[in-house]
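Chemist: If you scroll down you'll find the structure; I have some questions about it.
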Amino acid sequence: MNVPAAWLAELVALAAIWGGSFLFMRVCGADFGPAPLAALRATGAALLLMPLVAWRGQLGDLRRHWRAIGLIGITNSALPFLCFAWAALAITAGLSSIFNATTPLWGALVAWAWLGDRPDRGRIAGLATGFLGVLWLAHDKASLKPGEHGVSSAFAILACLCATLLYGWSANYARRRLAGVPPLAVAAGMHIAAVPVQFADAVKDGLGLRSYLPPIDVPVPDVNLYWHSRYDNDLAHKWLRGQITDSVRALGFVLD
C-alpha cells in the first residue's frame, strides 16, 4: 500500500510533538514540580484551542456538555498529566513514552469489560502480547529504591500505567457520552478543566463557564523569571519583564 507523502509527514510531525512532551517533562519536571508542570501543559493547550473553538462557533457545544467534558478533563488531562510528570522524576522519557503506548490496550480492555465490545481472537492475542511486553519492561526497570528526587522507578511505572488506564477509560466514556460533539470542543474543554483556578477565574465569565475547586489542597507554586545580566538595564527588556510580572501577579502567583 502506498502511503501519501503528506500523511507520512504529518505522522512524523505528530510523533515529534507527542514524543517531545515526554522529553519536556523529563527535563523540566524536577525544576517545575509535577503539579505546576501538569497545570502548565493544560493551560497552554487551553489557550491554544479555545480561540479555535470560538472561531468555529462551538462554544455552545462546550456549554451544553460541560459536565461530561469536565469529567473527561479530570481523567484525560489533569490526572494523567500529573502522573506522567511525577513519573518523569524517576524514569526516562523513552520509557514513559513506551508505557504511554499501552493506552489502546487499556482502551480495548475497558471497552470489552464496560461496553461489551469483545475483541476477536487475533486482537486478544495482540492484547496479551502487548501486556506481556509491558510486564517484561516493568520487571526489568522497576526498583523500589527511591531515586534522586525521592521517587522509585517502580512507583513511576505504576503512575504511567494508571495514566494510560485513565486514557483508555476516557476514550470509551467519550465514545458513549460525547458522540456527535465536535472533537475540538471536547479537546479544548477537557484542558480547561485542568487549568489552575487563577486562569479559570480570569476567563470563565467571558466564556460563560463555571469553575470548581478540586477536593484536595494544591499549593500555589512560586514562579521564577530569569534573564541574562547583560539585559538588566535594557529598556525594552525591563518593560517586558514588568509586563510579565504584573500579569502573573494579577493571577495570584508569587513571582521571584
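Chemist: In the stretch 112-123, is there at least one residue being part of a helix (DSSP H, G or I), assigned by TED's automatic domain parsing to the domain that holds A185, of a type in the set (A, V, I, L, M) and in contact with a Leu (Cβ under 8 Å, 6 or more places away or on another chain)? Give the derivation first.
Modeler: So the first thing to find is which residues in the stretch 112-123 are part of a helix (DSSP H, G or I), and the list is 112-115, 121-123.
In the following step, the residues that additionally are assigned by TED's automatic domain parsing to the domain that holds A185 were identified as 112-115, 121-123.
Retained after the next criterion (residues that are of a type in the set (A, V, I, L, M)): 113, 115.
Those left that are additionally in contact with a Leu (Cβ under 8 Å, 6 or more places away or on another chain): none.
There is no residue in the stretch 112-123 that is part of a helix (DSSP H, G or I), assigned by TED's automatic domain parsing to the domain that holds A185, of a type in the set (A, V, I, L, M) and in contact with a Leu (Cβ under 8 Å, 6 or more places away or on another chain).
Chemist: Determine the pairs where a residue that is farther than 12 Å from S97 by Cβ, located within the stretch 5-31, has a partner that is among the β-branched types (V, I, T) with Cβ atoms under 9 Å apart, the partner being 6 or more residues away or on another chain.
Modeler: L11/V3
Chemist: Looking only at residues in the stretch 210-256 that are at pLDDT 85 or above and charged (D, E, K, R), which one is surrounded by the most Cβ atoms within 10 Å (Cβ to Cβ)?
Modeler: R241
Chemist: What number of residues within the stretch 13-40 satisfy the criterion of being aromatic (F, W, Y) and closer than 24 Å to L225 by Cβ? Reasoning before the result, please.
Modeler: Of all residues in the stretch 13-40, those aromatic (F, W, Y) come to 18, 22, 24, 32.
From what is left, the residues that are closer than 24 Å to L225 by Cβ are 24, 32.
Going through the stretch 13-40 one residue at a time, the tally reaches 2.
Chemist: Looking at the structure I just gave you, is W55 touching a residue at least 12 places away in the same chain (Cβ under 8 Å), assigned by TED's automatic domain parsing to the domain that holds C162, among the aromatic types (F, W, Y) and on the phi < 0 side of the Ramachandran plot? Steps first, please.
Modeler: On the way: touching a residue at least 12 places away in the same chain (Cβ under 8 Å): no; assigned by TED's automatic domain parsing to the domain that holds C162: yes; among the aromatic types (F, W, Y): yes; on the phi < 0 side of the Ramachandran plot: yes.
When the stated conditions are applied, W55 does not pass them.
Chemist: I'd like the full set of residues that are outside any helix (DSSP H, G or I) and either of a type in the set (G, A, S) or surrounded by fewer than 18 Cβ atoms within 10 Å (Cβ to Cβ) (or both), limited to the stretch 29-81. Spell out how you get there, then give the answer.
Modeler: Kept after step one, since they are outside any helix (DSSP H, G or I), are these residues of the stretch 29-81: 33, 56-58, 65.
Within the stretch 29-81, G33, R56, G57 qualify.
Chemist: Which condition number does A179 fail, the rest of (1) touching a helix residue (DSSP H, G or I) at 6+ places or on another chain (Cβ under 8 Å); (2) closer than 16 Å to L71 by Cα being met?
Modeler: Unmet condition: (1).
Chemist: All but one of (1) more than 20 Å from L184 (Cα to Cα); (2) surrounded by fewer than 19 Cβ atoms within 10 Å (Cβ to Cβ); (3) of a type in the set (V, I, T) hold for T102; which doesn't?
Modeler: So the condition that T102 fails would be (2).
The values are calculated or read from the model by the stated rules, or taken from the named source; none is laboratory data. Only a predicted model underlies this, so the values are computations on that prediction, with no experimental measurement involved. As a convention, Cβ positions derive from the backbone with ideal geometry for all residues, glycine included, and neighbour counts pool all protein chains shown.
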